[in-house]
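Participant: I have a structure here, written as structure tokens, and I will follow up with some questions on it.
The values are calculated or read from the model by the stated rules, or taken from the named source; none is laboratory data. Keep in mind it's a predicted model, so treat the numbers as computed, not measured. Every residue, glycine among them, receives a Cβ derived from its backbone with ideal geometry; neighbour counts consider all protein chains shown. To get the accessible areas, we keep the full protein, side chains included, count just its heavy atoms, and leave off ligands, DNA and RNA. Shrake-Rupley method; radii C 1.70, N 1.55, O 1.52, S 1.80 Å.
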Amino acid sequence: MNGQLQVMPEDWRRAMAVVAHPDDLEYGAASAIARWTRAGRSVAYVMVTDGEAGIDGLDPTEAGPVRQKEQVASAALVGVDDVAFLGHRDGVVEGGLDLRRDIAREIRRFRPDVLVTATFELTYGMGPGQQILNQADHRAVGVAVLDAARDAGNRWIFPELIDEGYAPWDGVRHVYVMGSSTPTHGVDVTDALGPGVASLRAHEAYLRGLGRDFNPERFVHDMTAMAGPALGVPHAVAFGQIQLQGV
């Protein structure tokens, strides 16, 4: 990873992580989340889908409940007990008003200071020649998270949410994007790798369904070791920061 990362500010109390599928956070941010909850911060998870199309050998009607259960267990290992599932169809998530409304509802419910999501860029990777096509669900969800963060603070957008009892919330200051091609900030997770590894390993059915050998400990160790030097620490999780409010 080229360049230097700034230390991610921790002058906040509540964070909400919004991603497309169960296991998305465990491939990128779970170690950072473990650090935050250990320090007394509150974190909530929002899964746009149940991940029901993610296991080739398991029918979606069976896979969905399994993946929900694994995500709840995984979240608990990093100190998160607030996990919501929005029920959008896995693999064909549609960006647009319905998705923005559903995410805005969760933001108004939990009232976070910062949001975390996955990259919405067309491709991701470690550099030229190593780019991988990003999943359509990730792209749709990431953009919707940014829009919903603004929607949540405007009473005239989705006024039906007020009727449901969800008052506007304009307190989100930043969105932190894991997997960004232009990371700006990092979180030292040198002392939080254990929970991060355990949370990824908790997705047992999904990992078995990969059909190949996969070592969660090696993956988390190697990924965070790549980002660590840019923060001046052995292991780090990198994020791109997007500011929602002017100074």
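Participant: Return only the number of the condition from (1) outside any loop (DSSP other than H, G, I, E, B); (2) exposed (fewer than 13 other Cβ atoms within 10 Å of the Cβ) that residue 210 does not satisfy.
Facilitator: Among (1) outside any loop (DSSP other than H, G, I, E, B); (2) exposed (fewer than 13 other Cβ atoms within 10 Å of the Cβ), the lone unmet condition for residue 210 is (1).
Participant: Please specify each residue of the range 142-181 satisfying the condition of being open to solvent by less than 40 Å² (accessible area, probe 1.4 Å) and within 30 Å of residue 229 (Cα to Cα).
Facilitator: Across the range 142-181, the qualifying residues are 142, 145, 146, 172, 174, 175, 176, 177, 178, 180.
Participant: Same structure again: Please enumerate the residues belonging to the range 1-34 that are charged (D, E, K, R), crowded, with 24+ Cβ neighbours inside 10 Å and touching a strand residue (DSSP E or B) at 6+ places or on another chain (Cβ under 7 Å).
Facilitator: 24, the sole residue that qualifies.
Each row is one residue, and each column tells you yes or no for (1) among the aliphatic types (A, V, I, L, M); (2) modelled with pLDDT of 95 or more; (3) within 15 Å of the chain's Cα centre (by Cα).
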| residue | (1), (2), (3) |
| --- | --- |
| 4 | no, no, no |
| 59 | no, yes, no |
| 64 | no, yes, no |
| 78 | yes, yes, yes |
| 83 | yes, yes, yes |
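Participant: Are there any pairs, at least 6 apart or on different chains, whose C-beta atoms fall under 6 Å, with the first in the range 69-91 and farther than 20 Å from residue 106 by Cα and the second open to solvent by 40 Å² or more (accessible area, probe 1.4 Å), and if so, which?
Facilitator: 91/53
Participant: Cβ contacts < 8 Å: first residue more than 14 Å from residue 111 (Cα to Cα), restricted to the range 141-155; second residue open to solvent by 40 Å² or more (accessible area, probe 1.4 Å) and assigned to a helix (DSSP H, G or I), any location; separation 6+ or different chain. Result?
Facilitator: Listed by first residue and then by second, the contacts come to 144/100; 147/100; 155/162.
Participant: Taking residue 232 as the residue in question, decide whether it is of a type in the set (Gly, Ala, Ser), open to solvent by less than 10 Å² (accessible area, probe 1.4 Å) and at pLDDT 95 or above.
Facilitator: no
Participant: Just one of 224, 184 is polar (S, T, N, Q) and open to solvent by less than 10 Å² (accessible area, probe 1.4 Å); which is it?
Facilitator: Criteria check complete, one pass: 224.
Participant: Could you tell me how many of the residues in the range 65-105 are open to solvent by 60 Å² or more (accessible area, probe 1.4 Å), more than 14 Å from residue 22 (Cα to Cα) and either outside any helix (DSSP H, G or I) or of a type in the set (Val, Ile, Thr) (or both)?
Facilitator: The qualifying residues number 3.
Participant: Among residues belonging to the range 187-207 that are part of a loop (DSSP other than H, G, I, E, B) and more than 20 Å from residue 226 (Cα to Cα), point out the one that is most open to solvent (accessible area, probe 1.4 Å).
Facilitator: Result: 202.
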